[in-house]
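Working notes for the structure below.
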Amino acid sequence: MSRMFARLTGAALLLAATAAAALPPHHVMRSGSSFYTALCAGPAVAGHAICHTKVVTDQTGSPVENDDAPGFVPPGLGPQDLRSAYNLGEDDVGDPGTLIAVVAAFGYKNAEADLAVYRAAFGLPPCTSDNGCFSKVNQSGVAGPYPGQKALAWAQESALDLEMASAMCPKCSLVLVEANTDSYANLGAAVATAATLGAHVITNSYGGDETGTRKFAAFYDQPGVAVVASTGDVGYGVQFPAASPKVIAVGGTTLTPDSSDRGWSETAWAGGGSGCSALYAKPNWQNDPSCPNRMVADIAAVADPATAVAVYAPSSKTVSSWQKFAGTSVGAPLIGGIYGANGGTVHYGRNPYNHPNALNDITSGSNGTCTVAYFCNAQAGYDGPTGMGSPNGLKAFGQP
């Protein structure tokens, strides 16, 4: 039976996104009855990105952690919940020949071991270096030397990304590509490396202000590859690389169980990013009326800390534990996993626009204040915070 959260109330109690933009990583925020903090300090400095992961905490900002133990049921949404919410069937599990690449900054020493704990806890098949399912490389595509694990937050980001991709595509192969630093030059080089390795999906859960990013945009132009990126977690506003028209920009939702035929309801999450790019041209598959340039987002998935996901990840430099993570960092690898499970031809961000009936249209919720209503408010059809909607099966994520 799927493990679901109890019905949440008061999910709108999120601090104003504009105030969150410059908050330190351990500033405690609240959504509904959940407290949380950002793992990466922001905003990003020019030429660099920050990870978008949020961790659920107590009122003091201490992460809510649980040790792994026999019979322990991890808190938070697990693979069964997520697959139920996004209508993935028992056979929608992907293929070992499909490679999903996770790009993140700095090192993650225990990536394979932590992934094994997550997959075993939820009954997913082993994904190890021994069976050829898991690999780890540096930004040059070589199995070592690896960058140092200088920033715990980025290792936690990597754990989240690997595990969300696993949840949605349990038979896909995974590669973690570790960029030397959080600069766009290094992260972009890692994206290019992932493409040369034959990745069908490259997932990126980081970003920063789009100003000055044109010189990095070419890294994210990978024809035939689903390059996904999170839109950010400070509410209305555009971030790069999600702003690139060659990227599939993933916004955030609040996902709760209900008594509907679907069994779930979704609204736009107040923290997800959206808006009209000031730099990048509009791709020809977007036809919203009031943004002459690239509009963010394209698609959306769960991100609200009030409806967080279960993750087994580092809680210190030497110890890992069960935690609850959130943010659009959840949605990007989750959507990447669905592209992997589909396995069909990808044409940049066009695929979901071709299949509106294979998506859940999200029609309520807001991520801030804007002069054009759909830039920051969910509505019927396309809108900024949730794009074309959330997944309803695999059809919208590649053509066979």
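Shape analysis of the range 107-198 based on the Cα gyration tensor places the equivalent ellipsoid semi-axes at 22, 14, 11 Å, largest first. Listed by chain and number, the lysines placed with their C-alpha closer than 23 angstrom to that of residue 246 are 215, 282, 395; residues fewer than eight positions away on the same chain are left out.
Projected label points at residue 197 and residue 369, each 7 Å from Cα along the beta carbon direction, are separated by 4.5 nanometres.
Highest mean packing comes first when the peptides 96-105, 309-318, 162-171 are listed by Cβ atoms within 10 Å, giving 162-171, 96-105, 309-318.
Counting beta carbons within 10 Å around each of 160, 197, 255 and listing the fewest first gives the order 197, 255, 160.
Taking max minus min of the alpha-carbon positions on each principal axis, the chain gives extents of 51, 44, 42 Å, largest first.
When the inverse distances between all different Cα atoms of the range 38-80 are averaged and flipped, the Kirkwood radius reads 13.3 angstrom. Can you compute the charge dipole magnitude of the chain about its Cα centre, using +1 on each Lys and Arg Cβ and -1 on each Asp and Glu Cβ, nothing else charged? Give it in debye, rounded to the nearest 20. The dipole magnitude comes to about 540 debye. Projecting the Cα positions of 365, 241, 280 onto the charge dipole of the range 32-397 (unit charges on Cβ atoms of Lys, Arg, Asp and Glu, taken about the Cα centre) puts 280 furthest along the positive direction.
Run the paramagnetic zone check for residue 319: 7 angstrom along Cα to Cβ, then residues of the range 132-172 with backbone nitrogen under 15 Å. Zone members listed by number: none at all.
Antiparallel beta bridges, as assigned by DSSP with both residues in the chain, represent about 55 percent of the total such bridges. Helical content of the chain, expressed as a calculated mean residue ellipticity at 222 nm, amounts to -5500 deg cm²/dmol (DSSP H runs of 4 or more residues, -39,500 (n - 2.57) each, divided by residue number, nearest 500). Pairs exceeding a 20 Å alpha-carbon distance, out of 109/150; 54/171; 54/324; 54/317: 54/171. For the range 25-170, would you read off the P(r) tail past 27 Å as a percentage of all alpha carbon pairs? When every Cα pair of the range 25-170 is considered, 29 percent fall beyond 27 Å. Count Lys and Arg as plus one, Asp and Glu as minus one, and take only other residues whose Cβ is under 13 Å from that of residue 233; the net charge is then -1.
For the range 258-400, the convex hull drawn through the C-alpha positions has a volume of 145 cubic angstrom per residue.
FYI, it's all coordinate maths here, none of it is from the lab. Just so you know, these numbers come straight off a predicted model, no measurement behind them. Glycine gets a Cβ as well: all are built from the backbone with ideal geometry, and neighbour counts include every protein chain shown.
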